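Please read the structure below before turning to the comments.
We did not get these values from a lab; they are worked out from the coordinates using the rules stated. Since the structure is predicted, the reported quantities are computational estimates derived from the model, not experimental observations. A quick note on method: Cβ atoms are made from the backbone with ideal geometry, for glycine too, and the neighbour counts reach across all protein chains shown.
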Amino acid sequence: MVTRRDVVLGAMAVSALPAIAGAWVSPKPGSTLEGGSALYKVIYDERFPLSVAFGHEALRAGLAVHAIRGDMTDLWYDDLYPQWRRQPLAIAGLTAHGPLFCLERLSWDFGMRVATRDARPGELISWVIAPGTRA
Amino acid sequence: MRTPPGVSEADFAAALGQFEAAIGKSWVFTSDEDVDLYKDAYSPFWGEAEERRASAALAPDTVEQVQAIARIANRYRIPLYTISTGRNLGYGGSAPAATGSVVLDLKRMNRVLEVNENNAYALVEPGVSYFDLYRHIQERGLKVWIDVPDPGWGSPIGNALDRGGGYTTHQFRNHFDSHCGMEVVLANGELLRTGMGAMPGSQAWQQYKTGYGPWIDGIFSQSNFGIVTKMGFWLMPQPDAYLTGTVLVPRHADLVPLVEVLNYLENSHVCNGMSDLSSPAMEQPAPPGAPPPAPEVVALINKAIAGNAGDLDAYGASKGLAAWSVTIKFYGPAKAIAAQWEYAKERFAAIPGTKFIDGELIRLPLTAEQRERLHKVEFGIPNLSIFSMGARNANNPTPTDGHQWFSPIIPRSGAAVFEANKVFAAAGRDFGLPVPPYSIPFCFWERSFLFLFGFPVTHDAAKNQATRTAFRKLVEIAAEHGWGEYRTAPAYQDLIMGTYSFNNHALLRFHETLKDAVDPNGILSPGRYGIWPKHLRGKHP
């Protein structure tokens, strides 16, 4: 169940995302990626109320979101891999270690890196993966 | 910048310059930020001086570039450590066996060169992942399956060369056995093809394994005799249907006849899937995140391990829990596999008190709903779901940072399972290892059982040191009983090679003779699987 605390914490995590991602992916703070969005997708995990609140807040903020339930395979196979082959774009999430571990390693092959990684309540980690310095 | 052992900074700089000329500056990685990506995510030496580190990494795109790299490395005696995708976590990842080696990362060589639907085979490069090959097949609507490990983000070539396995039929789930033909760059840069590929213009490279003369493919697996740049694999024609059937036997001692019948059925290929053995009465193996058995059940298990299973049998009977169950699996025509299951039931019925549960007959291909709920790897579908299973919960309050597999092969018999549990339960207690109350073997390989113990890797050096000490003890104890590991991480490769010591280590001495002949400068993956070049033999850390 999503509690009031989850909503507040989720909103706080979301509020930092565009600035974090924008600062990482562009030398000009505050600028956006091609297409007008600093973030391609925001990932949340339906198993964790705080992560669900985070996803809902991201949606309210006008960001594209993708829900997982621990396993990020479909997100990777159907969405991120085709997108990153065309153009590596930043993603962000509030997930457990497992999905981040996989996404981080898969992103390396596209010259991307984890730009931020912050432990959140419980076992959750808020993170941004963004294009790095090497193509 | 780190330098390879025994290589001067000037020579290393010269070699790097020539590597850049050969493959392009952007594919020679020397910064700490880039090179550190090749550290083993599950290193049992996390943060310690012994942690394996590369000095640089190279990512060629073509066979010709690999040949050029080998020639340059020979010129400057640069040790190269080859990886395909470097994702064999728990068995070493992408970190070199010898610190200071230059990682030769083949992931840019990711072309699916051929998939033949009619004769069910593929020819791929090392950087092709299971996802890549699966996508290639799906996008073309080809009716062939791949066999994938769990997780499925690795490379068919890398996994086969490390002798990994999967989950479909016996013919395909031993990934090295299912290969057919290799292309190999030798240490001197020369190109070799094995099997029918040795004949110029051969039309059957992926259709006949052994070619003519000595079949040498095996020496390129778990070794450092060459750099495999292409490999063929036999694929599984998409079957019509899949069926499971579960056999339940009432007494602990029934494991002996249960395994005998299972062996007959598997060895006769009556059942062709990977069987799953478990013990309902002992609640083993426990699913991820499940609570441990109650103390009173553990006490009964310990009595059974000691040789008195009467109380455990009585407990199982009172709860309606079988002592053992085995789920056997069939791939093939629906009518045929239904008949095979009926035949299997006749054979198992010879064990008094046996009960059966008919599984669901699955018509293939899977529906979306079936795909969601079934174990994907049994249907050749690569996935990463295994990484979502270690999440923190009430029964797993402190998830680890990785694991190291201790994986001994034991004989395919009930008696061997009893004996191994007696030994490993005692060793687990003695050395404080998280051995489950009762270890149930896996049926990955034909003819043998495999035990898999995933011992934790943490970011606490003292804990890792204790685990390594215990791991080493376990290797020694297993070897004393004639049980050897099928695969291991670099941290233990010397130790385990040392247990295959028949006739004063004749096997290792033969490996070393080969190594000296085919790689006299010792540039290829020094130390991999305990095989060291002459100049480092006995001198490595």
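Data table
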item: Percent RCO, i.e. relative contact order, over the range B:112-237, from Cα pairs under 8 Å lying at least 6 residues apart; result: 30
item: 21 Å Cα-Cα reach of B:Lys534 towards lysines, excluding residues that sit fewer than 8 places from it in its own chain; result: B:Lys515
item: Alpha carbon centroid spacing (whole Å) that separates the range B:325-358 from the range B:58-119; result: 45
item: Sequence of B:Phe442, B:Phe510 once ranked by neighbouring C-beta atoms within 10 Å, starting from the fewest; result: B:Phe510, B:Phe442
item: Computed helical MRE - 222 nm, the protein assembly as shown, DSSP H runs ≥ 4 contributing -39500 (n - 2.57), nearest 500; result: -10500 deg cm²/dmol
item: For the range B:1-97, alpha-carbon Rg relative to the globular expectation (2.2 N^0.38 Å, N residues); result: 1.07
item: Relative contact order computed over chain B (Cα-Cα under 8 Å; 6+ residues apart), in percent; result: 17
item: Sum of side-chain charges, B:Ala54 neighbourhood, beta-carbon under 9 Å (Lys, Arg +1; Asp, Glu -1); result: +3
item: Where Rh is the Kirkwood radius over Cα pairs, Rg/Rh for the range B:241-367; result: 1.02
item: C-alpha center-to-center spacing [the range A:96-135, the range B:420-454] in angstrom; result: 35
item: Computed label-point distance, nm, for sites B:Arg537 and B:Ala506 using a 7 Å Cα→Cβ extension; result: 1.8
item: Lysine pair count for the range B:241-367 [Cα-Cα under 30 Å; pairs on different chains or 8 or more apart]; result: 10
item: Mean separation of Cα contacts under 8 Å, 6 or more apart, over the residue count of the range B:403-487: relative contact order %; result: 42
item: Coordinate range along principal axes, alpha carbons of the range B:403-487, Å, largest first; result: 39, 22, 22
item: Hits among aspartates and glutamates - C-alpha to C-alpha of B:Lys463 under 14 Å, sequence gap 8 or more where chains match; result: B:Glu48, B:Asp401
item: Estimated Rh, chain B: Kirkwood, alpha-carbon pairs, angstrom; result: 24.7
item: Three-way shape label, the protein assembly as shown, alpha-carbon gyration tensor, a/c 1.5; result: rounded
item: Within straight-line cross-link reach of B:Lys39, lysines at Cα separation under 18 Å, skipping those fewer than 8 residues along the same chain; result: B:Lys107
item: Difference of contour (0.36 nm per residue) and Cα-Cα distance, B:Ser202 to B:Leu495; result: 101.3 nm
